[in-house]
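Q: Got a structure for you, written out below as structure tokens; questions coming shortly.
The values are calculated or read from the model by the stated rules, or taken from the named source; none is laboratory data. Quick caveat: nothing in here was measured; it's all calculated off a predicted structure. Virtual Cβ from ideal backbone geometry, glycine too; neighbours counted across all protein chains shown.
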Amino acid sequence: MIHSLSRITIRDTKMRNSPVHHNTEWMGKGSLSSVVRRAVIICLAWLGPISFANGLSTDREQPIYVEADSAEADEAHKTVTYKGTVIVTQGSMRINGETVTLYYDENRTLTKAKVKGRPARFQQRPDGSKEKQHAKANRMEYFANRDLIILLGNAHSWQGKRRISADRIEFDTKKSRVRAHGKRTAKSKDSRTDKSSRVRIVVPIKQK
């Protein structure tokens, strides 16, 4: 670990559209400069298990791969920020966004993650299921110590034919609880109730 550097930025240096790749195989390439090598070491050291939901139990044992146009590791604030067309994969889990920021504590343990996109997307296959859990929203936030995932802005989540959409969806993965909230807007002149972005849920009927 290089303690003299508090912030390191990695960007594609050969081709404008060549993404930054973070994985254990990429570290060994001789074409990387010394500074880039140090940045990769810091970024990889901070990358811990980041399974966002009750996905496959083997996902946490899989390596994490990150692709982005640029990456910035900030030791002072204990964050790693990826920008561009960001793709994060770990086992069955896949996250897509324009910006992904990971927050860590002094023990290099992931505490929070933020994903922004148009929209930000997430997918993962739960244990015992052949169908993947999908989600998309303008923003996603994950709080590791609370086992909480929050989808913010035009949020949608679905698995097979089961669907839920709302302005805000909260997943408590520890208690297996979901909360959805509509977005209140201006009052209607023709109604005493507020107009709102309603919560919509689709529950498929079991086939006989």
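Q: Name the one entry in Y82, Y65, Y104 that is in contact with a Leu (Cβ under 7 Å, 6 or more places away or on another chain), more than 18 Å from I169 (Cα to Cα) and aromatic (F, W, Y).
A: Y104
Q: Within the stretch 100-139, take every residue that is among the aliphatic types (A, V, I, L, M) and touching a residue at least 60 places away in the same chain (Cβ under 8 Å) and give me the one that is farthest from A180 (Cα to Cα).
A: Applying the filter and picking the extreme gives L110.
Q: Within the stretch 108-130, track down each residue that is at pLDDT 85 or above and either basic (K, R) or in a loop (DSSP other than H, G, I, E, B) (or both).
A: K112, K114, K116, R118, R121 - these are the residues of the stretch 108-130 that are at pLDDT 85 or above and either basic (K, R) or in a loop (DSSP other than H, G, I, E, B) (or both).
Q: Suppose the filter is of a type in the set (G, A, S) and modelled with pLDDT of 85 or more; does A137 pass it?
A: Judged against the criteria, A137 is a match.
Q: Of all residues in the stretch 168-197, how many are part of a loop (DSSP other than H, G, I, E, B) and at pLDDT 65 or above?
A: Number satisfying all stated conditions: 5.
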